[in-house]
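Reading through the structure tokens given below for one structure.
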Amino acid sequence: PIAPFGVRLRLRHPADPGRTRELDVVAGHGGVGLLVEVKSRLSPEGVAAFAASLEDARAYLTPFGVRELIGGVATLYPDPSLVAHATRLGLLVFGVGEELMEPKNPPGFVPRRV
């Protein structure tokens, strides 16, 4: 099985059904999931908090066959300092470009997998 894909998914924790989490954008294939947090404004603290929450988020997706999770953040026009900060944390960064949304990380960037 592959991860569910879609926007604004509300999932229950597999080990603790009383816990739920809303995931902004999710896609997956071959045991690897991509989770993107979408914000109108990104802050360094918000980016760091999202990076720290990826392992917990992966638990919500394990019933769908996700063994590894890649994180990303998206906003219309990410500030270069936030792109650098998110890149250091291993996150993909998406912003408006010629093809609507495009990665803003430097060439050769490899995202962290949790």
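The values are calculated or read from the model by the stated rules, or taken from the named source; none is laboratory data. Bear in mind the structure is a predicted one, so any value in this text is a computation, not a measurement. With ideal geometry, Cβ positions are generated from the backbone for all residues, glycine too; neighbour counts draw on all protein chains shown. Heads up: the accessible areas ignore ligands, DNA and RNA and are worked out on the full protein's heavy atoms, side chains in. Shrake-Rupley method; radii C 1.70, N 1.55, O 1.52, S 1.80 Å.
One residue stands out in the stretch 1-13 among those that are open to solvent by 70 Å² or more (accessible area, probe 1.4 Å) and not in a strand (DSSP E or B): the one that is nearest to residue 89 (Cα to Cα), namely 5. Does residue 80 qualify as being modelled with pLDDT of 95 or more, open to solvent by 70 Å² or more (accessible area, probe 1.4 Å) and not aromatic (Phe, Trp, Tyr)? Answer is yes for this residue. The set of residues in the stretch 43-59 that are under 15 Å from residue 70 (Cα atoms) and of a type in the set (Ser, Thr, Tyr) contains only 53. Residues considered: 99, 68, 22. Of these, the only one that is out of contact with any helix residue (DSSP H, G or I) (no Cβ under 9 Å at 6 or more places or on another chain), open to solvent by 40 Å² or more (accessible area, probe 1.4 Å), charged (D, E, K, R) and farther than 18 Å from residue 8 by Cβ is 99.
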